[in-house]
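A.B. asks: Structure in structure tokens, see below.
Only the coordinates and a few stated rules stand behind these numbers; no lab work does. In this text, all values refer to a predicted model and were calculated from it rather than measured experimentally. With ideal geometry, Cβ positions are generated from the backbone for all residues, glycine too; neighbour counts draw on all protein chains shown.
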Amino acid sequence: MATINANFLKLKAGYLFPEIARRVRAYSEANPAQASRIIRCGIGDVTEPLPAAAVEAMHAGVEELGRRETFRGYGPEQGYEFLRQAIVEHQFEGLGISADEVFISDGSKCDTGNILDIFGQGNIIAITDPVYPVYVDTNVMAGNTGDADAKGTYAGLLYLPCHPANGFVAAVPNEHADLIYLCFPNNPTGAVASRAQLEAWVAYAREHDAILLFDAAYEAFIQDPTIPHSIFEIEGAHECAIEFRSFSKNGGFTGVRCGYVIIPKSVTGSDGMGGRVPLGQLWSRRHSTKFNGASYPVQKAAAAIFSEAGKAQVAALIQHYMGNAKLLREACTAAGLSVFGGVDAPYVWVGCPAGLSSWDMFDKMLSEAQVVITPGSGFGSAGEGFFRISAFNSRSNVEEVCRRLLALLG
Ligand SMILES: *Cc1c(COP(=O)(O)O)cnc(C)c1O
């Protein structure tokens, strides 16, 4: 008899995005005349084509693989030196990170989930609420939680509520935690953490011998020069933090797949017997056992993001999406809603009109304006009463969404 990992049975059946897809499908079938009007601002996926520098480099990589003289088979599991070196030079200059502390992967969703492989049972895990659902669900699968209640809150996790009063940036808790997930700029709220707030988290982690799992997938969208892009800009983080980065949102690689993890050699965990083990050593072992490296043409394309042309093209993409965010912010404000995020992040986080729940607002926007938004409650119970609008769209779609929002609520 093959038994299953019963932890999977604790997962809430309706994962957010399948439920959104189900409601959109049902609406389209019931209202075929309106279906073609639907504009999707729901899922956090990029819309603009890849930067030309990445396309050229990927082509060149494929050509190399097609010729005997330049063919390559398996690459290094940790990623090619050329890419790890480019990352260190262009993203972590002066921050004391070396190329052997960079681990290339096929994306951050996988990395933020897989990282649990190297941690033991019984850790106290702190998660902000609302939150990127991957952090929660992977802890459920790993057996780090009890059951969920009706609101989807799991027993055994330490939730850190984020709301307007704390600017959607959780303060350090009074309780102890061993692993803390932080995501800045934040998905879904678009909030960013100041240097002082990150310093408080690093101090907390050092005091509690905890590890910060810092997801910086949206760092490229930061506009405010005082906001840190990396946790390693904070003194002491090299002893207590792991950082996740991705080419998905800056380079538009959501369909190409490339990300990386930074684990400084000085970050260690307890072996439970008084010894300390470098986490990078464990991740390296895990990576080379369960992963065979990201594709060569993809790594070539990722490195091209750091060429002069690539940087200019990425800057133009960011400018495009942040221009969308500005328009969405202005439209929501003009419609009388309370608006957060969208300044240093491609997500605008909006309070629902009085009396409407997140899903009420979702249904209203879908049926009356044919605009798909993301209900805040899908990111955690503290997200109830809010919705997220993604700035990942064409300019013309965003302008139309703004018009419809104003017509509906203005
Ligand atoms: C999009 C996103 C990522 C990146 O995921 P990939 O697997 O690299 O595409 C990571 N974290 C958050 C919070 C995200 O929204």
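A.B. asks: How do Trp359, Trp283, Trp201 line up, fewest other C-beta atoms within 10 Å first? List each step's numbers first, then the result.
C.D. replies: Numbers: Trp359 18, Trp283 21, Trp201 25.
Listing Trp359, Trp283, Trp201 from fewest to most nearby Cβ atoms yields Trp359, Trp283, Trp201.
A.B. asks: Turning to a different aspect of this structure: Using the 10 angstrom Cβ neighbour count as an exposure proxy, how do Thr333, Thr153 rank, fewest first? Intermediate results must be reported in sequence, preceding the final value.
C.D. replies: Working: Thr333 13, Thr153 16.
Ascending Cβ contact count within 10 Å gives the list Thr333, Thr153.
A.B. asks: If I stretch the segment between Glu368 and Ala26 completely, what's the gain in nm (0.36 nm per residue apart, minus their alpha carbon distance), one decimal? Walk me through the numbers before you get to the answer.
C.D. replies: Working: separation 342, 0.36 × 342 = 123.12 nm, distance 1.46 nm.
Extra length from Glu368 to Ala26 when fully extended: 121.7 nm.
A.B. asks: Please compute the net charge surrounding Asp344, taking Lys and Arg as +1 and Asp and Glu as -1 over other residues with Cβ under 11 Å from its Cβ.
C.D. replies: Values: positive: none; negative: Glu219, Asp224.
The answer is -2.
A.B. asks: To continue, here is another question. Which percentage, to the nearest 5, of the DSSP beta bridges contained in the chain is antiparallel? Present the calculation step by step, with values, prior to reporting the outcome.
C.D. replies: Values: 22 of 41 bridges.
Within the chain, antiparallel bridges account for around 55 percent of the total.
A.B. asks: When the Cα centres of region 270-291 and region 307-328 are compared, how far apart do they sit, in Å?
C.D. replies: Spelled out, the Cα-based centre of one part sits 38 Å from the other.
A.B. asks: Please work out how much length the chain gains when fully extended from Leu406 to Arg285, using 0.36 nm per residue of separation minus the C-alpha to C-alpha distance, in nm with one decimal. Please list the in-between numbers first.
C.D. replies: Numbers: separation 121, 0.36 × 121 = 43.56 nm, distance 5.39 nm.
Difference between extended and current length: 38.2 nm.
A.B. asks: Please report the relative contact order for the chain, taking Cα pairs under 8 Å with a sequence separation of at least 6, and give it as a percent rounded to a whole number. Before the final figure, lay out each step's value.
C.D. replies: On the way: 779 pairs, mean separation 95.5, N = 410.
With pairs under 8 Å counted, the relative contact order is 23 percent.
A.B. asks: Set the Förster radius R0 to 41 Å, insert the Cβ-Cβ distance between Asn166 and Glu64 as r into 1/(1 + (r/R0)^6), and round the FRET efficiency to 0.05.
C.D. replies: Working: r = 51 Å, r/R0 = 1.23.
Given R0 = 41 Å and the Cβ-Cβ separation, E is 0.20.
A.B. asks: Take the Cα atoms of the chain, build their convex hull, and give its volume per residue in Å³. Don't skip to the answer; put the middle values down first.
C.D. replies: On the way: hull volume 70.6 nm³, N = 410.
Taking only Cα atoms, the chain has a hull volume of 172 Å³ per residue.
A.B. asks: Can you give me the C-alpha center-to-center distance between region 198-265 and region 113-160, rounded to a whole angstrom?
C.D. replies: One Cα centre to the other: 19 Å.
A.B. asks: At a Förster radius of 41 Å, what calculated FRET efficiency corresponds to the Cβ-Cβ distance of Arg72 and Ser266, to the nearest 0.05?
C.D. replies: Step by step, r from the Cβ atoms, then E = 0.80.
A.B. asks: Another question, if that's okay. Based on the Cβ-Cβ distance from Tyr15 to Asp224, what FRET efficiency comes out when R0 is 35 Å, to the nearest 0.05?
C.D. replies: Numbers: r = 33 Å, r/R0 = 0.94.
The formula returns an efficiency of 0.60 here.
A.B. asks: Hey, another quick one. State the Cα centre-to-centre distance between region 379-410 and region 164-197 in whole Å.
C.D. replies: Spelled out, the Cα-based centre of one part sits 23 Å from the other.
A.B. asks: Per DSSP H run of at least 4 residues, take -39500 (n - 2.57); add these up for the chain, divide by its residues and hand me the 222 nm value, nearest 500 deg cm²/dmol.
C.D. replies: Numbers: 12 runs with 144 residues, N = 410.
Mean residue ellipticity at 222 nm (helix-derived): -11000 deg cm²/dmol.
A.B. asks: Taking a spot 7 Å from the Cα of Asp117 along the direction of its beta carbon, which residues of region 52-87 have an amide N less than 19 Å from it?
C.D. replies: Only 74-80 pass the distance filter.
A.B. asks: About its Cα centre, how strong a charge dipole does the chain have in debye, to the nearest 20, once Lys and Arg get +1 and Asp and Glu get -1 at the Cβ? Numbers along the way, then the final one.
C.D. replies: Numbers: 32 positive and 43 negative charges, 218 e Å.
The dipole of the chain has a size of about 1040 debye.
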